[in-house]
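The values are calculated or read from the model by the stated rules, or taken from the named source; none is laboratory data. All of these numbers come straight from a predicted model, not from anything done at the bench. Here the Cβ is made from the backbone with ideal geometry for all residues, glycine too, and neighbour counts use every protein chain on show.
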Amino acid sequence: MMTALEVLDRINELLDAEDSSTVNTSMRLPTALRDAAALAVEHLAVAPSTTTLAAAALRSVLETAVMEAALQAHYRVHPEARPSLAEVALALAAQDGSPLAGRPDLIEQAAADVLARHPDADGDDVLLWAEAQQAATT
Amino acid sequence: MRAVVLDNEAVQALASPDHDKHRVVVAPLAGVVTRRRRGAGMVAVVPTAVRVEAGRDRSDPRAAPINRFRVLDVALDTDLANRAARIVTGTGVSIADAHLGAVAQTSTGSDVVVLTSDPRDVVRASEPRNVTVVRI
């Protein structure tokens, strides 16, 4: 039986493997979804083929899931490492080069306001609310 | 696509939960996950010369946080080495910062964000590419 961390490590190994071999899977796609993908490939240039489109989408979902699970696992062992919602929002503002990065007070308040009504809010929800509050007062 | 690039101290801080800037570096990575969940293309990367300077061996069990968070290596191949060599000659920054600058200059992403404790050298190494510097 693999532990949760062993599962994460194994998924990461597989995602990083330089493996160009392919497999015919038994995964069943809804016909309409397959047809929509084929049309998008042909007319919207979203990917060179439906296979690469499906593989890229699957990879992206897996990578995000692993990153999120890794963070949650890390927080369980090191609860003090978990950034607050305001800290994540502030980090996003800094990455965006947003003027809000210089207003931690505003972001702290926005995080508190948003969390009071939406416990599952994320950092972008906080930034949007903070920006709206700032616009309303100028 | 946005690339979030870690410098030496960011790597050190991420790898050590006891580091006084650990949470400061975890917050931007949590932000990467936030944006990815919303469908944005974002990756966290570390130039391999930076990882060398930070003394972080991925096969060491203590490197697990960097491995599990998918902070991906950008290797110093021939083209990047040539560019980094020019950066060292032109600016006098460290080899690790030159590799970081070469990564920033050649990034195909629309946006490069560098988590660093040394904004001045990062900006010098990355020019003429505009990077968003986030001081840790």
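Some points to look at:
- Segment A:35-53, residues that are within 28 Å of B:Leu72 (Cα to Cα) and either of a type in the set (Asp, Glu) or touching a helix residue (DSSP H, G or I) at 6+ places or on another chain (Cβ under 9 Å) (or both): A:Val46, A:Ala47, A:Pro48, A:Ser49, A:Thr50, A:Thr52, A:Leu53
- Number of the condition not met by B:Asp73 [criteria: (1) within 13 Å of another protein chain (Cβ to nearest Cβ); (2) part of a helix (DSSP H, G or I)]: (2)
- Scan of segment A:91-104 for residues that are within 7 Å of chain B (Cβ to nearest Cβ) and either part of a helix (DSSP H, G or I) or out of contact with any strand residue (DSSP E or B) (no Cβ under 6 Å at 6 or more places or on another chain) (or both), ordered by number: A:Ala91, A:Leu92, A:Ala94, A:Gln95
- Filter result for A:Arg10 (surrounded by 11 or more Cβ atoms within 10 Å (Cβ to Cβ) and in the same structural domain as A:His118 (by TED's automatic domain parsing)): no
- Qualifying residue in segment B:49-65 (condition: more than 10 Å from chain A (Cβ to nearest Cβ), part of a helix (DSSP H, G or I), closer than 22 Å to B:Thr106 by Cα and β-branched (Val, Ile, Thr)): yes
- Among residues of segment A:36-48, those that are assigned to a loop (DSSP other than H, G, I, E, B) and surrounded by fewer than 12 Cβ atoms within 10 Å (Cβ to Cβ), counted: 2
- B:Asp7 being touching a strand residue (DSSP E or B) at 6+ places or on another chain (Cβ under 7 Å), away from chain A (no Cβ under 14 Å) and farther than 22 Å from A:Val61 by Cα: yes
- Breaking point among (1) within 13 Å of chain B (Cβ to nearest Cβ); (2) closer than 27 Å to B:Pro17 by Cβ; (3) among the hydrophobic types (A, V, I, L, M, F, W, C); (4) part of a helix (DSSP H, G or I), for A:Ala121: (4)
- The combined condition, being within 12 Å of chain B (Cβ to nearest Cβ) and among the β-branched types (Val, Ile, Thr), is fulfilled by A:Thr64.
- Conditions (1) closer than 28 Å to B:Ser16 by Cα; (2) among the hydrophobic types (A, V, I, L, M, F, W, C); (3) surrounded by fewer than 22 Cβ atoms within 10 Å (Cβ to Cβ); number of the one not met by A:Ala91: (3)
- Residue in segment B:61-79 that is surrounded by 14 or more Cβ atoms within 10 Å (Cβ to Cβ) and over 28 Å from A:Leu8 (Cβ atoms) present: no
- Selection from segment B:87-114 of residues that are of a type outside the set (S, T, N, Q), touching an Asp or Glu at 6+ places or on another chain (Cβ under 8 Å) and not in a helix (DSSP H, G or I): B:Val93, B:Val114
- Tally, over segment B:115-136, of residues that are in a helix (DSSP H, G or I) and either of a type in the set (Gly, Ala, Ser) or in contact with a Lys or Arg (Cβ under 9 Å, 6 or more places away or on another chain) (or both): 3
- Pairing each residue of segment A:1-25 that is touching a residue at least 24 places away in the same chain (Cβ under 8 Å) and more than 19 Å from B:Val74 (Cα to Cα) with any residue that is in a helix (DSSP H, G or I) and of a type in the set (D, E, K, R), provided the two are 6+ apart or on different chains, yields C-beta distances under 6 Å for A:Leu8/B:Arg68.
- Within segment B:33-48, being in a helix (DSSP H, G or I) and within 13 Å of chain A (Cβ to nearest Cβ) holds for B:Val33, B:Thr34, B:Arg35, B:Arg36, B:Arg37.
- Within segment A:15-34, considering residues that are loosely packed, with under 10 Cβ neighbours inside 10 Å and among the aliphatic types (A, V, I, L, M), the one nearest to B:Val71 (Cα to Cα): A:Ala17
- Residues in segment A:79-89 include none that are within 19 Å of the chain's Cα centre (by Cα) and either more than 25 Å from B:His19 (Cβ to Cβ) or among the aromatic types (Phe, Trp, Tyr) (or both).
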